[in-house]
1. Would you tell me the accessible area of Glu200, worked out with a 1.4 angstrom probe on the heavy atoms of the protein chains, in Å² to the nearest 10?
2. With every protein chain in place, what's the accessible area of Ser10 (1.4 Å probe, Å², nearest 10)?
3. With θ set to phi - 60°, apply the Karplus curve 6.51 cos²θ - 1.76 cosθ + 1.60 along region 96-108 and write out the HN-Hα couplings as whole Hz, x wherever there is a Gly or Pro.
4. Sort Cys130, Cys118 from largest to smallest accessible area, using a 1.4 Å probe on the heavy atoms of the protein chains.
5. Counting only Cα, what are the radius of gyration and maximum Cα-Cα distance Dmax of region 140-196, in Å?
6. In Å², and per residue, what accessible area does region 87-174 have when probed at 1.4 Å with the other protein chains present?
7. Output ³J(HN,Hα) for region 161-177: one whole-Hz value per residue in order, computed from phi by the Karplus curve 6.51 cos²θ - 1.76 cosθ + 1.60 with θ = phi - 60°, and x for Gly and Pro.
8. Heavy atoms only, probe 1.4 Å: what % of the accessible area of region 168-212 goes to carbon and sulfur, would you let me know?
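The values are calculated or read from the model by the stated rules, or taken from the named source; none is laboratory data. What you are looking at is a predicted structure, and each value in this text was computed from that prediction instead of being measured. With ligands, DNA and RNA removed, areas are computed over all heavy atoms of the protein, side chains included. Shrake-Rupley method; radii C 1.70, N 1.55, O 1.52, S 1.80 Å.
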Amino acid sequence: MDIRGRRKSSNIEDRRGMRPVRTGVGLSIGGVLFLVVLSLLGINPLPFLGVATKAPEVQMQDTGQPYQESPQETVLREMTAVVLADTEETWNALLPQYGVQYREPTLVLFSGAVQSACGTAESAMGPFYCPLDEKVYIDMSFYDDLSQRFGAPGDFAQAYVIAHEVGHHVQNLVGTAEKVQAAQQSASKADANQLSVRMELQADCFAGVWAHHAARSRQLLESGDIEEGLRAASAIGDDRIQRETQGRVVPDAFTHGTSEQRSRWFRRGLESGKPESCDTFAAQQL
Ligand SMILES: [Zn+2]
């Protein structure tokens, strides 16, 4: 990606200087560990955030010291701000065509742990979106994981991750997230899981829709970028994550979709550039 001279989003909240402090009677480390374990098992920990954070919380407090970033982190932060700005261009232009005004989400940079309206989360969980405060949370050390642990290096692989989380924000704005959550409450565990997979694949498809417009309207992408995105999509599929973390694949616990499904839906959004091509809920075959 060539980000030189591009607009950087101002919707970035830098919380990297914050550190956890103990509050109340005890440290709710158990809750945090529970989420980390779920996440390592490839289970989406977000629905459990409430459960895990009932205990006295770890509060994140400002150290008063501005975060000192390395030159490499500066590059990553700027890339993140450019990609976020580009998702704003895309969705500000697209959503009104469907009668929905786009509200730009805030992207929170954190290191180690973070408090969101959805509860406290640790870096090991990976990037996530909290619909309650409409913020995307990312610890940029995940980019190292992406490149080293999951074999998906490159700035477009990183951009894909941001665009996927923004895709969850779009689902929130158009009301899909709420509908799915309501349906999940009365569904069997397997059906609820299927709905989660459809949500995830739709967010991948929305990331593809963004990439389509970033490439067509603003020439943000360079040759090789799409391949990087596809590699990232397949690298962080649940089957890969589970193989990496457990050494075997357990299909019942899938919540994000397989590598093949993820790259297929990303490509679908990429080719069409149209959100309506991302109806993973109507698809017979995912
Ligand atoms: Zn997701």
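1. Probe radius 1.4 Å; accessible area of Glu200 about 20 Å².
2. Using a 1.4 Å probe on the heavy atoms, I get roughly 100 Å².
3. x, 5, 10, x, 10, 7, 8, 9, 6, x, 8, 10, 9
4. Values: Cys130 0, Cys118 25 Å².
From most accessible down to least: Cys118, Cys130.
5. Spelled out, the Cα radius of gyration and Dmax of region 140-196 are 15.3, 41 Å.
6. 31
7. Couplings: 4, 5, 4, 5, 5, 5, x, 5, 5, 4, 4, 5, 5, 8, x, 5, 4 Hz.
8. Values: 870 of 1830 Å².
Percent of accessible area from carbon and sulfur atoms in region 168-212: 48.
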